Amino acid sequence: MNDVLLTIILIVIKLGLVLGTVLSLAAYMVLAERKVLARMQMRHGPNRVGPFGLLQPLADLIKLLCKEDLIPERADRWVFMLAPAISVGTALLAFAVIPFGAPLQIFGRTIELVICDLNIGLLYLFALSSLAVYGVALGGWASQSKFALLGGLRAMAQMISYELALGLAIVPVVMASKSFSLTAIVASQQSLPNALRHPLAFLIFVIAIMAESKRTPFDMPEAENELVAGYHTEYSGMRFGMFFVGEYVNLIVLGSMLTVLFLGGWHGPFLPSVGWFLIKILAVAFFFIWVRGTVPRLRYDQLMAFGWKILVPLGLLNILVTAVWLLWRG
Amino acid sequence: MSFYRYLAEGLFFGFIVCIFAGAFISLRARQLMNSVLGLAISLLGVAGLFYHLGSPFLALMELLINIGVVCVVIAFGIMVGPKPDQAAEKRPPPKRNRMLAAGACLAASALLLWTVLNTPWNPAIARIGDFTIRHLGESLLHQFCLPFELISILLLVAIIGALIIARIGRYGARE
Amino acid sequence: MQMMLLLPELTLCLMALVFFFCALGPCKTDTLNNLASGLSVLCLAAAVAGFNQEGMLFFQTYRVDLFSQLFKIILTLGLCLTIWSGPGLRGIEEQLRPEYYLFLAVATLGMTLLSSAHELLTILLSLEISAFALFAIIPFRHQTMRREHLEAAIKYFLFSAIATGLLLYGMSYVFGLGHSTLLGELAQTLPALMQNEPLAVVGMVMLLCGFFYKLALFPMHFLTPDVYEGSANETTSFIATLPKIAVIAIIIRLVSLVGAEAVSLTWILAVFAVMSMTIGNLCALVQNDLKRLLAYSSIAHAGYVTIGVLSVNQIGFAAAIYYMLGYLLMNLACFFVIYQLAAEGENLTFDHLHGLYRRAPLLACTLAAGAFGLTGIPPTIGFTGKFMVFTAALQRGHYTLVILAVINSAISAFYYLKLVRAAYRPMAESGESVTLSWSATSLGLFLLASIILAGILPQGIIALAQEAVNSMG
């Protein structure tokens, strides 16, 4: 019984740590994005609240919490209230399987730095990231507003389409490491990160996660000059905040997915493993912000055609090539 | 280790409740979208059952595939279905039909329940202990290779058929 | 040689592939037509070539024996005849003709797979392959007609989904009790279960209901008339014949698996058969649209053939096979006449038949042969078929059933003969005559001859059918 208790306590500690880190990281990601974007556009960005604007996320939080929570009159109340929760919930749950460091040795116990080492962790991650579609689609529909509906539909079509490319890009990695477990995939990259082993898959994956996170150049669902704000047009207060946080948490999830699958996970010289993991995620996030600052938005039909006619066939071809290579190598 | 057993039993009944609740929402919903949502909940419960049976792989695959399915239905529901304010005014079926339908359903479920409860279910000999992906893959490509291949033919036929039927609609619009 | 075992299926795949590539570019109807005729004959030849093959394939899931090979010959013969009897595909949207042939080939492929399938999942999937192909071709009808074909397609699709649901539900019970999906293993456990467990009977009936949908037997018959009426003439002639033959094959396999001792199943089947005959025949009396009439007639015939199946003996099964062959020929004869008469691919009523004996003597004669056959008047194949089926039922002592069936046959004579009367009623002014191409003429003669010859000389076919039933083992 003692053992069970200890396990539970350990899980709770890990959960608390991960959730705290992720949420605060998400909050500061918003600030970082605003700052970096501002720099790229020769502005200063938020700098009034606290030194260098460091308290800005806190101020935003207070503002969102104090705002009036509006629900449109004809909205489907239950679905309207459920949608943001799905959005945040799925993004946060995804962290359960991500290994964020090398196993620790404390008091003779080996502690895996992952909340739950599922042997099909990759599929779990994948399933949750597609569950997030529900939040967006339902939120867009429940608002009973044309902009929101269009945004929701677009987001749904886009995410489903790119989910396919995403899945196809993962297959070669699984084939090479012979496991769906993220820990095993990380372990297989000790000598060489997968990005170098499967460059094409890496490329497809990066593009697909950009589309999955609905960011420029794939931010059609919330294209502000056509759709106001897309699926969350009608949301206000903390419900909007949940969508917002969900989006940034999702960004971190996708960043860590990229890190785990292609950038060697927590492997790296000199620094502790958790540090490497954080550095890699932040680098990915910076890359995303950088892309947002430089690349223009695609047209919707271009986006769909690109996904279905280029990424998916390329992904299939890549699987074929990897299979041949694996067979040939024995 | 009875704690884990209780947990498992509790989860099992949770999934069952989930399936039934989803089905009920789906049936009683006034709007198409709510009934799609009910479907999604119900399918979530089914995925849970797979998990309870010891195959998380199947559970997650079920989840993944059904998300795609439900999203397609949502898209169709939005584009083809009635507008929410139209859906509210639903005409109830005639009373006689309703009584007949209720009678038929009750009779059928009573028959099924009675027979199911009166059947001594012999558990099959546990032929396989593991439901790992390796085992699934082997059975799909050995024992069930023919059905596995037939599924691909079936999907191909379905895709071609769907594309062509969609095209027929386009001819109609042009004429 | 493993290839020989799958020769008919492979040839059908080839046919499907050829039309797939035809569908990619523009293709003239004549070319298509010749291709289809040629390839369907090739399929028939392949089926005949694979006649004596025997073997178990794919880990006991696919059984090639005399029974399945016989059905494959009948199925490919049916494909040949439907393609030959509908040249030019007048009722089908022009851009969709290559796809139409593609789906015909795929549907037939599904049916041949069904006749050999020896495992529940394989059975389900082969059934669905043929069904999906049919869903696709029903709405191919020409758009200038009324839009009934869309209604037909939607109905066919939705109710088929329900039927598949029933089928799967039944399968889950059968699997739960028998612990296997392989028919070979179920054969050892199921007969005992059928006698002791009511649930096995319920499961089996639900399983069979999925097939009854295709057969248009009583509880699953109700949308047949709408579907037949809404589909194009050539599509109807396909839907009305081939799926039923394939489904009879699998039903015979399943019922023989359960064994003769399952009295409750026999009872249920008997009730279905009687209801089916009665409803079909009574409703057919008042129809004016020829395809609707043939739809109700097919419901009635599903009842007759079920009598052969529920006798659960060698002669009963053989009679059912023979009956289905006869049904194929007679129905195709009727649909052949309808297709030839409907210049625009429209639906025909009795009025269109007036003066037919003068306008096109051959067509009138073929129609008469078909109608006489469907009634069961000697010396046609229909008479012999009914006679065999009833004999089988009498052997098992189902006297009431036979009496009811005979009464039903008498009722049916009324509307079948109405067809003949309409075609042969003397007319003052003769309408425009129908010109037949040489291939149509020869096809008419072939149908006419086969209906009568197979009726007069049934021994060979019946001996073959009996041997096939024995080979099922």
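If you check every pair at least six apart or on different chains, which have Cβ atoms under 8 Å apart with a residue in the stretch A:73-90 that is at pLDDT below 85 and among the charged types (D, E, K, R) first and a residue that is part of a loop (DSSP other than H, G, I, E, B) and surrounded by fewer than 20 Cβ atoms within 10 Å (Cβ to Cβ) second? Pairs found: A:Arg74/A:Gln144; A:Asp76/A:Gln144; A:Arg77/A:Ile71. Since C:Leu443 meets every condition but one in (1) farther than 23 Å from C:Leu362 by Cα; (2) outside any loop (DSSP other than H, G, I, E, B), which condition does it not meet? Result: C:Leu443 fails condition (1) only. Residues of the stretch C:47-56 being part of a helix (DSSP H, G or I) and either over 21 Å from C:Ala465 (Cβ atoms) or not small (Gly, Ala, Ser) (or both), which ones? Hit for the stretch C:47-56 is C:Val48, nothing else.
Residues checked against (1) away from chain B (no Cβ under 11 Å); (2) part of a loop (DSSP other than H, G, I, E, B); (3) not hydroxyl-bearing (Ser, Thr, Tyr):
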| position | (1), (2), (3) |
| --- | --- |
| A:Ala96 | yes, no, yes |
| A:Pro99 | yes, yes, yes |
| A:Leu150 | no, no, yes |
| A:Ile160 | no, no, yes |
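Filtering the stretch C:125-144 for residues that are at the interface with chain B (Cβ under 8 Å from one of its Cβ atoms) and of a type in the set (S, T, N, Q) leaves a non-empty set.
The one condition from (1) surrounded by fewer than 21 Cβ atoms within 10 Å (Cβ to Cβ); (2) assigned to a helix (DSSP H, G or I) that A:Ser256 does not meet is (1).
Just one of the listed residues (A:Leu15, A:Leu31, A:Leu65, A:Leu58) is under 30 Å from A:Ile111 (Cβ atoms) and either part of a helix (DSSP H, G or I) or aromatic (Phe, Trp, Tyr) (or both), and it is A:Leu15. Residues in the stretch C:28-46 that are of a type in the set (A, V, I, L, M, F, W, C) and without any contact (Cβ under 8 Å) to a residue 60 or more places away in the chain were compared, and the one that is nearest to the other protein chains (Cβ to nearest Cβ) is C:Ala46. For the stretch B:53-75, which positions are within 22 Å of A:Arg154 (Cα to Cα) and at the interface with another protein chain (Cβ under 9 Å from one of its Cβ atoms)? Across the stretch B:53-75, the qualifying residues are B:Leu63, B:Leu64, B:Ile67, B:Gly68, B:Val70, B:Cys71, B:Val72, B:Ile74, B:Ala75.
Checking the conditions here, which among A:Thr90, A:Thr110 is of a type in the set (Ser, Thr, Tyr) and within 14 Å of another protein chain (Cβ to nearest Cβ)?
Working: A:Thr110 fails: within 14 Å of another protein chain (Cβ to nearest Cβ).
Result: A:Thr90 is the single residue among A:Thr90, A:Thr110 that is of a type in the set (Ser, Thr, Tyr) and within 14 Å of another protein chain (Cβ to nearest Cβ).
Just to be sure, is A:Leu70 away from every other protein chain (no Cβ under 14 Å), modelled with pLDDT under 85, within 17 Å of A:Met242 (Cβ to Cβ) and touching a helix residue (DSSP H, G or I) at 6+ places or on another chain (Cβ under 6 Å)? So A:Leu70 fails the test.
Candidates C:Phe222, C:Phe175: the one that is more than 9 Å from chain B (Cβ to nearest Cβ), modelled with pLDDT under 90 and over 30 Å from B:Ile164 (Cβ atoms) is C:Phe175. Can C:Ser37 be described as over 28 Å from C:Leu341 (Cβ atoms) and assigned to a helix (DSSP H, G or I)? Taking the combined requirement at face value, the residue does not satisfy it. Among the residues of this structure, A:Leu58 counts as one that is more than 20 Å from the chain's Cα centre (by Cα) and modelled with pLDDT of 80 or more. For the stretch A:282-306, residues that are in contact with a Ser or Thr (Cβ under 9 Å, 6 or more places away or on another chain) and free of Cβ contacts under 8 Å to residues at least 40 places away in the same chain total 2.
The values are calculated or read from the model by the stated rules, or taken from the named source; none is laboratory data. For clarity, every value in this text was computed on a predicted model and none was experimentally measured. Don't worry about glycine lacking a Cβ; one is built from the backbone with ideal geometry, like all the others, and counts go over all protein chains shown.
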